[in-house]
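Shown next, in structure tokens, is the structure this report addresses.
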Amino acid sequence: MQGLEYTSLNISKVAVILLLATKSRIVLISISLSLALALTTVATSGVSYAQPIGTTAKLVHAGQGNASSVIIAFFPQNIEIKAGESVRWDNPTTVAEPHSVTFLKDKKFFADYASPFYVANSTEFRSIIPESNAQPTFPPSQPGETSKIVVAVNARAILPVVLDGNNVTYLQPNSNYLMNGTEDYVNSGWLWPDGQAPPGGPPISKFTVTFEKPGTYPYLCNVHPWMTGSVVVK
């Protein structure tokens with residue numbers, strides 16, 4: 001988990017660029033995922049932060065602000081603890097702006113919000129919501145192909161999950177996770193302010209990590225990749 005650097009992206013939308021190889025050519029598809037709750041204002045003033053009295057875990061806020069001033073940052077951005085201690089992240093924003101706490105051993109483990117998957121041509125997709133104005137995204141396919149590509153929301157981006165080698169473990173919402181530092185990818189899932197998770201989605205509002213070993217553990221928000229922080233464990 002140590003020594004990772006991640007280049008910030010100065011955008012207010014999540015853009016996923018998918019490079020899809022077909023039998024005859026490479027198709028470049030740019031999918032603009034405009035969040036309904038997209039950032040309109042970023043402010044750096046008026047930030048308040050204080051550790052609650054009597055807590056056993058150090059508290060870090062993922063974002064702050066309100067509908068007129070959404071602050072995209074971790075508070076505090078860098079925190080220092082001792083081995084065996086814990087850090088808890090929450091999202092105190094007063095509007096439904098999600099954030100994540102995502103630890104990456106390498107940039108290649110970054111999980112895009114949406115990803116392409118092969119399915120059989122005969123696969124039929126039907127919305128579970130009657131008369132829904134919804135349809136999956138199907139990039140163009142080539143004549144004679146027995147499979148097609150569907151672009152779907154990536155569970156590893158929005159749900160709590162740990163990748164450690166070939167092992168993939170999905171965590172319960174609002175988990176307490178014990179990190180040993182060997183993991184390739186540790187993700188909180190999308191943290192929502194209390195009571196503001198989308199209907200039908202997991203009500204994730206906090207994430208707690210206990211750090212076993214000394215070191216520096218950088219992390220980011222996978223919704224806003226320029227939003228970064230670190231935990232220094234002594």
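The values are calculated or read from the model by the stated rules, or taken from the named source; none is laboratory data. None of the values given here were measured: they were computed from a predicted structure. Note: ideal-geometry Cβ built from the backbone for every residue, glycine included; neighbour counts use all protein chains shown.
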Task: Selected residue (only one of V119, V60 is out of contact with any helix residue (DSSP H, G or I) (no Cβ under 8 Å at 6 or more places or on another chain), β-branched (V, I, T) and modelled with pLDDT of 95 or more) - done: V60
Task: Any chance E183 is assigned to a loop (DSSP other than H, G, I, E, B) and at pLDDT 95 or above - done: yes
Task: Of all residues in region 67-101 being assigned to a strand (DSSP E or B) and acidic (D, E), the one that is farthest from N187 (Cα to Cα) - done: E80
Open item on the list: Just to verify a result, which residue in region 114-130, among those that are surrounded by 11 or more Cβ atoms within 10 Å (Cβ to Cβ) and not hydroxyl-bearing (S, T, Y), is nearest to R156 (Cα to Cα)?
Closed with: A114
Open item on the list: Any residue at all in region 191-213 that's within 21 Å of I72 (Cβ to Cβ), among the basic types (K, R) and buried (at least 17 other Cβ atoms within 10 Å of the Cβ)?
Closed with: yes
- [ ] Report yes if S132 is farther than 22 Å from P225 by Cα and in contact with a strand residue (DSSP E or B) (Cβ under 7 Å, 6 or more places away or on another chain), otherwise no.
- [x] no
